[in-house]
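Have a look at the structure below, then the notes.
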Amino acid sequence: MKALKGLKLSGVAVGSFSYQVMLYYLQKAGIDPQKDVQLIGIGSGPAMVLALEQRKIDAFATGTPIPDAAVARGIGVMIVDNAAGEDPDFAEFMMNAVIVHPEYARQNPETVRKMVRALLKASGWLLDHPAEAAVPSMKPFLGRVEDKVLADGVEKVRQGIPRDGRITPRAVELTESFMLKIGAIKTKIPYEKLVTNDFLPK
């Protein structure tokens with residue numbers, strides 16, 4: 001990570017999760033994001049691969065399968081693959097959550113339950129079908145990415161999908177530690193004040 005000092009780096013957009021991940025790793029390596037690198041937001045995944053290929057940026061952070069596409073084309077090297085679980089700091093990160101105002105949930109419990117059921121159904125489908133089966137639905141958004149790269153990305157992502165949809169205390173702890181590190185929050189919030197599993201199927 002220290003080798004990133006002095007380089008031009010990108011997330012999807014300033015303030016986006018991919019941008020925040022870059023901040024996190026820079027700070028962890030003792031690199032000042034304001035002084036030691038040029039950190040920008042260059043746009044969605046395919047734009048990142050093109051920018052890397054054209055040497056407009058030196059490195060980027062974003063979710064699979066975009067980094068995988070850069071590696072497959074021989075224009076990039078993966079430093080850390082969080083989708084594959086390489087960094088324990090992101091082992092149970094809260095990537096897929098339904099967030100609603102508590103008052104809305106109290107007044108519209110059935111609507112929330114239906115949304116949760118729909119997400120669990122989609123998650124179950126991904127877990128129960130071959131990764132290749134998801135590729136056609138991804139092509140409209142990532143059509144220039146090779147089918148094998150897309151399928152391999154789905155295979156990795158499936159490792160982080162909980163079939164029961166439950167958010168664990170560890171997931172909250174890891175997510176809040178990340179947010180503290182990058183300055184997105186000033187203090188941790190207790191699990192019971194943030195999370196309820198009451199809307200999951202019994």
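Worth a mention:
- The residues listed here are LEU39, LEU52; of these, the one that is hydrophobic (A, V, I, L, M, F, W, C), in contact with a helix residue (DSSP H, G or I) (Cβ under 9 Å, 6 or more places away or on another chain) and in a strand (DSSP E or B) is LEU39.
- Filtered by the rule that a residue be out of contact with any Gly (no Cβ under 7 Å at 6 or more places or on another chain) and touching a residue at least 12 places away in the same chain (Cβ under 8 Å), the range 22-35 gives LEU23, TYR24, TYR25, LEU26, GLN27, LYS28, ALA29, GLY30, ILE31.
- Residues located in the range 48-70, provided they are on the phi < 0 side of the Ramachandran plot, free of Cβ contacts under 8 Å to residues at least 12 places away in the same chain and surrounded by fewer than 16 Cβ atoms within 10 Å (Cβ to Cβ): GLN54
- For ILE182, the test of being closer than 30 Å to VAL14 by Cβ and over 18 Å from the mean Cα position of the chain (by Cα) is failed.
- Flag for SER16 being within 11 Å of ALA61 (Cα to Cα), hydroxyl-bearing (Ser, Thr, Tyr) and in contact with a helix residue (DSSP H, G or I) (Cβ under 9 Å, 6 or more places away or on another chain): no
- Qualifying residue in the range 10-19 (condition: out of contact with any strand residue (DSSP E or B) (no Cβ under 9 Å at 6 or more places or on another chain), within 25 Å of LEU150 (Cα to Cα), in contact (Cβ under 8 Å) with a residue 12 or more places away in the chain and part of a loop (DSSP other than H, G, I, E, B)): no
- Taken over the range 138-149, residues that are part of a loop (DSSP other than H, G, I, E, B), surrounded by 14 or more Cβ atoms within 10 Å (Cβ to Cβ) and touching a Pro at 6+ places or on another chain (Cβ under 8 Å) amount to 1.
- The sole residue among GLU110, GLU146 that is modelled with pLDDT of 95 or more and over 17 Å from the mean Cα position of the chain (by Cα) is GLU110.
- Criterion: surrounded by 13 or more Cβ atoms within 10 Å (Cβ to Cβ) and not in a helix (DSSP H, G or I) - qualifying residue of VAL135, VAL98, VAL77: VAL98
- Test for ASP152: is it out of contact with any strand residue (DSSP E or B) (no Cβ under 6 Å at 6 or more places or on another chain), surrounded by 15 or more Cβ atoms within 10 Å (Cβ to Cβ), acidic (Asp, Glu) and in contact (Cβ under 8 Å) with a residue 12 or more places away in the chain: yes
The values are calculated or read from the model by the stated rules, or taken from the named source; none is laboratory data. Given the structure is predicted, the values throughout are model-derived calculations rather than measurements. With ideal geometry, Cβ positions are generated from the backbone for all residues, glycine too; neighbour counts draw on all protein chains shown.
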